[in-house]
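The values are calculated or read from the model by the stated rules, or taken from the named source; none is laboratory data. From a predicted model like this one, the values you see are computed outputs, not experimental measurements. In this analysis, Cβ positions are derived from the backbone assuming ideal geometry, glycine residues included, and neighbour counts consider all displayed protein chains. All accessible areas refer to the heavy atoms of the entire protein, side chains included, with ligands and DNA or RNA removed. Shrake-Rupley method; radii C 1.70, N 1.55, O 1.52, S 1.80 Å.
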Amino acid sequence: MREIELLTAVLAGVVQGITEWLPISSEGQATMTMMKVLGIPPSTAMDLALWLHAGTLLAVLLRFGVPYWMTVKDLLTGGPWRRPGLFLIVATVCTAVVGLPVYKALKGIFSAATGDAVQMAIGGALIVTGLLLRISPEGLRDRRDVNVVDAITVGLGQGFSVIPGISRSGTTMALLLWRKFDGREAVWLSFYLAGPAMLGATALEFKEGLSAATKMGTTWMVTAIMVSFVVSLICMEALLRVARRLDFSKVCLLLGGIALLVPLAAKMI
């Protein structure tokens with residue numbers, strides 16, 4: 001029995017750690033995994049999925065610790081990280097304005113499948129973007145060029161990612177590309193935005209998430225978070241490296257294909 005519990009904790013952590021950085025909903029996939037594999041009721045599975053964000057949050061804070069520190073310092077002193085810092089703040093506020101009421105409304109009517117159509121639309125948008133990048137140059141904007149319009153656009157889009165099935169990373173990357181950012185910068189900025197968003201998601205239902213995780217047992221809770229942390233670090237770094245080394249049109253086609261195929265595969269299981 002103990003081995004089975006550990007296996008399910010590892011599985012939940014791996015799913016969260018991988019899907020957080022792909023254009024597929026980590027919350028939706030983790031929730032569906034726990035519902036199907038563990039037989040957990042939907043609302044409890046949703047609480048556990050939010051709790052697993054603690055592992056990915058730790059990974060983001062470790063990977064982006066220096067940029068976050070520079071952001072705080074330059075917001076106070078007016079250095080070069082002030083502009084990305086303002087982008088982070090405005091986008092996060094916009095995310096909260098949209099995300100909080102949407103999440104509260106969803107708690108009573110939750111279905112992990114509600115966002116499948118949107119996820120597939122995001123996948124289609126990324127594929128179209130990839131094809132367009134094959135025939136025309138991608139945007140040249142970078143993190144030093146972010147403005148209030150970018151922050152509002154991306155922040156509002158990120159707010160809707162609280163809906164299970166809608167990818168936070170996929171939504172923010174697609175919007176940043178639409179705003180003419182360089183592909184590699186779009187990936188970096190999407191991950192940069194993840195820290196406050198995950199902190200909010202963890203705090204939003206901390207009590208419920210902790211209660212649900214405690215019922216699974218301390219060993220399950222700690223194992224799932226640590227696996228999520230390690231896998232998140234590996235996947236985040238891998239995707240950042242791929243974005244730097246590959247023609248970004250190929251990255252868009254790859255991510256778009258994943259976003260399209262995962263909901264279809266889930267329906268067949």
Checklist outcome for this item: The residue that is modelled with the lowest pLDDT, considering only those in the range 211-269 that are under 26 Å from Phe181 (Cα atoms) and outside any helix (DSSP H, G or I), is Leu246
Checklist entry - Has the range 180-196 got at least one residue that is surrounded by fewer than 18 Cβ atoms within 10 Å (Cβ to Cβ), basic (Lys, Arg) and on the phi < 0 side of the Ramachandran plot? => result no
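With Gly200, Gly165, Gly139 as the choices, which residue is among the small types (Gly, Ala, Ser), assigned to a helix (DSSP H, G or I) and either modelled with pLDDT of 80 or more or in contact with a helix residue (DSSP H, G or I) (Cβ under 8 Å, 6 or more places away or on another chain) (or both)?
When all the criteria are applied, what remains is Gly200.
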Next on the checklist: Based on this model, can you work out whether Met34 counts as at pLDDT below 80 and open to solvent by 10 Å² or more (accessible area, probe 1.4 Å)?
Outcome noted: no
Checklist outcome for this item: Expected output for the range 57-78 (first residue acidic (Asp, Glu), partner surrounded by 18 or more Cβ atoms within 10 Å (Cβ to Cβ), Cβ below 7 Å, 6+ apart or cross-chain) is Asp74/Trp81; Asp74/Gly85
Checklist entry - Among Leu48, Leu62, Leu11, Leu58, which is surrounded by fewer than 24 Cβ atoms within 10 Å (Cβ to Cβ), closer than 21 Å to Ser161 by Cα and at pLDDT 70 or above? => result Leu58
Checklist entry - Quick one: would you say Ile152 is modelled with pLDDT of 85 or more and among the aliphatic types (A, V, I, L, M)? => result yes
